[in-house]
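Computed from the coordinates by the stated procedures, all read-outs in this text should not be read as laboratory data. Bear in mind that the values here come from a model prediction, so they are computed numbers and not experimental data. Don't worry about glycine lacking a Cβ; one is built from the backbone with ideal geometry, like all the others, and counts go over all protein chains shown.
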Amino acid sequence: MSRKGSGCHFGEHALKCVAFVVVLSVVSFTSLIQGKPIPKSLLTDDKIEKRIVGEWQGISLVALGGTSRSNGIWRIGNRNIDCGKTKDAIRYHIVSPEPPAKIDLVRNDGLHANKILRGIIKVEQDTLTLCYVLGLAEGDEPELIDRPTEFGVASQKDYVTMTFKRVRSTK
């Protein structure tokens with residue numbers, strides 16, 4: 001009895017899982033032989049994801065060479081950032097947990113709606129720092145601008161750095 005198609009009995013998800021296990025096994029074996037640690041990017045690490053969840057009070061915003069106070073509260077969780085404005089919710093995805101952790105932001109509304117704003121993020125104790133592509137320069141498409149590699153670049157025209165303090169529950 002012949003079947004049409006590829007003859008593969010695995011679904012696409014199963015194939016991706018098998019491919020990941022093969023790659024992880026080869027890298028792990030190679031690292032073991034060479035006496036090197038397994039790259040953290042290949043291991044499941046959702047620590048940064050867990051650490052950013054919660055309410056964050058804006059402290060400062062550095063962009064376009066200037067600094068201002070950021071008074072808003074961001075609620076982060078379920079891969080969404082609620083900025084307190086109904087339309088201005090932001091979806092996020094942790095691209096890589098290795099320091100500095102890489103994050104992609106996608107605004108639901110506004111100037112760069114549905115475009116990827118590449119950034120980096122860190123949490124130190126109760127302080128969250130986020131630096132991402134602003135893309136305000138005339139003609140700049142944010143998706144074409146390189147992801148920042150350090151937090152001190154906000155003085156450059158196309159990056160913004162925001163700092164937040166964790167809001168502690170009084171319950």
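General remarks:
- In this simple spin-label approximation, Asp126 and Ile59 carry label points 7 Å from Cα along the Cα→Cβ vector, and these lie 1.0 nm apart.
- Electrostatic bookkeeping for Asn78 treats Lys and Arg as +1 and Asp and Glu as -1; over the other residues with beta carbon under 11 Å from its beta carbon, the sum is +1.
- Filter on Lys47/Lys115; Lys47/Lys122; Lys50/Lys115 - keep pairs with C-alpha separation over 20 Å: Lys47/Lys115; Lys50/Lys115
- Cα gyration tensor shape for segment 47-166, rounded if a/c is under 1.5, else prolate or oblate: rounded
- Listed peptides 126-133, 59-66 by packing density, highest first (mean Cβ within 10 Å): 126-133, 59-66
- Relative packing of 161-167, 115-121, which averages over residues the other C-beta atoms within 10 Å, highest first: 115-121, 161-167
- For segment 52-144, the set of GluC sites (Glu not before Pro) satisfying both a DSSP loop assignment and a count of at most 12 other C-beta atoms within 10 Å is given as Glu138.
- Extension reserve of the Ser68-Lys115 stretch, reckoned as 0.36 nm per residue once the Cα distance is removed: 14.4 nm
- Under 13 Å, Cβ to Cβ, from Ser60 - net charge with Lys/Arg +1 and Asp/Glu -1: +2
- Subtracting the Cα-Cα distance of Cys83 and Val95 from 0.36 nm times their residue separation leaves 2.2 nm of extension gain.
- Between amide H atoms placed 1.01 Å from N, distances below 5 Å from Ile73 occur with Gly58, all of them 5 or more places distant or on a separate chain.
- Neighbour-count ranking [beta-carbon atoms within 10 angstrom, fewest first] of Asp158, Asp146: Asp146, Asp158
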